[in-house]
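What follows is one structure encoded as structure tokens, with my remarks underneath.
Values quoted throughout were computed directly from the atomic coordinates according to the rules given, and no laboratory measurement underlies them. All values reported here derive from a predicted model rather than from experimental measurement. Quick reminder, even Gly has a Cβ in these numbers, built from the backbone with ideal geometry, and neighbours come from all protein chains shown.
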Amino acid sequence: GRLFVNRVFHISAEKMFDLLFTDSNFMRRFMDIRKIIGASSTSWQREESGGMKRTLNFTITINNPLIGKFSTATETQTLYKESREGQYYMIDAEVYTHDVPYHDYFYTQNRYCIIRNSKHKCRLRIYTDVKYKKHPWGLVKSFITKNSWSGLEDYFRHLEAELLEEEAELTQGSGDA
Ligand code: YK8
């Protein structure tokens, strides 16, 4: 796997969770810019294991002539029961892209950790792994891996940049920047 984001933000842990994992203006705007369309989400629901789960469906726009222009996707997010409101949140997101070539071979697992640093600061870590459900032929595997990493890197760099913008807006004039 790879660690794509590992940074302290001048945003509280609680606020960071709200930005990324609720139907926030931030996430709506970000999806708009990424041309992620038709997003719908269930609400967070308590699991028997003690964690919480929600499922998102959306259509991603892909700018690769080899792959196609769009793909529907399903993202299942699990908030681990070890999470503590305002202190520590661990979310695993499994993302299936249904309409790309070899879609039945792989999925992506994104792990988000939000750790309280102080009252107004948190550390965000995003760790990603491409997982295989079937064993593809070597060449196919490297094709999937290469395309997934470049797409994911682009996405998370952009997300980090937008979070920095949000941080700047939130701290502006608050006096404790
Ligand atoms: C979520 C992983 C792979 C996929 C894409 C397909 C490669 C196909 C390989 C063929 C286009 C928002 C990605 C990047 C699309 C975007 C997905 C996003 C960023 C050629 C063999 C969508 C997080 C996420 C997870 C997985 C990403 C896909 O919140 O390369």
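Restricting the stretch 60-76 to residues that are near the ligand (Cβ under 9 Å from one of its atoms) and surrounded by 15 or more Cβ atoms within 10 Å (Cβ to Cβ) leaves a set whose member that is nearest to the chain's Cα centre (by Cα) is GLU75.
Residues that are among the hydroxyl-bearing types (Ser, Thr, Tyr) and over 19 Å from ARG84 (Cβ atoms) were ranked within the stretch 103-126; the one that is surrounded by the most Cβ atoms within 10 Å (Cβ to Cβ) is TYR107.
Sub-9 Å Cβ pairs linking a first residue in the stretch 141-157 that is of a type outside the set (Phe, Trp, Tyr) to a second residue that is surrounded by 17 or more Cβ atoms within 10 Å (Cβ to Cβ) and part of a helix (DSSP H, G or I), at least 6 apart or interchain, number zero.
Please determine, by comparing only the residues of the stretch 161-170 that are under 15 Å from ILE33 (Cα atoms) and either surrounded by 17 or more Cβ atoms within 10 Å (Cβ to Cβ) or polar (S, T, N, Q) (or both), which one is farthest from the ligand (Cβ to nearest atom). Residue satisfying both the conditions and the ranking: GLU166.
Checking each residue of the stretch 140-149 against the condition of being among the basic types (Lys, Arg), part of a strand (DSSP E or B) and out of contact with any Leu (no Cβ under 6 Å at 6 or more places or on another chain) gives no match.
Does at least one position in the stretch 127-143 carry a residue that is basic (Lys, Arg), more than 16 Å from the ligand (Cβ to nearest atom) and more than 13 Å from the chain's Cα centre (by Cα)? Within the stretch 127-143 (the criterion being basic (Lys, Arg), more than 16 Å from the ligand (Cβ to nearest atom) and more than 13 Å from the chain's Cα centre (by Cα)), the answer is no, since none of the residues qualifies. Across the stretch 63-83, the number of residues qualifying as in contact (Cβ under 8 Å) with a residue 40 or more places away in the chain and either of a type in the set (Ser, Thr, Tyr) or out of contact with any Leu (no Cβ under 9 Å at 6 or more places or on another chain) (or both) comes to 3.
Taking the listed residues ASP129, ASP92, the one that is within 28 Å of GLU47 (Cα to Cα), surrounded by 15 or more Cβ atoms within 10 Å (Cβ to Cβ) and of a type in the set (D, E, K, R) is ASP92, with no other qualifying. Filtering the stretch 6-24 to residues that are within 19 Å of GLU75 (Cα to Cα) and either of a type in the set (S, T, N, Q) or outside any helix (DSSP H, G or I) (or both) leaves THR22, ASP23, SER24.
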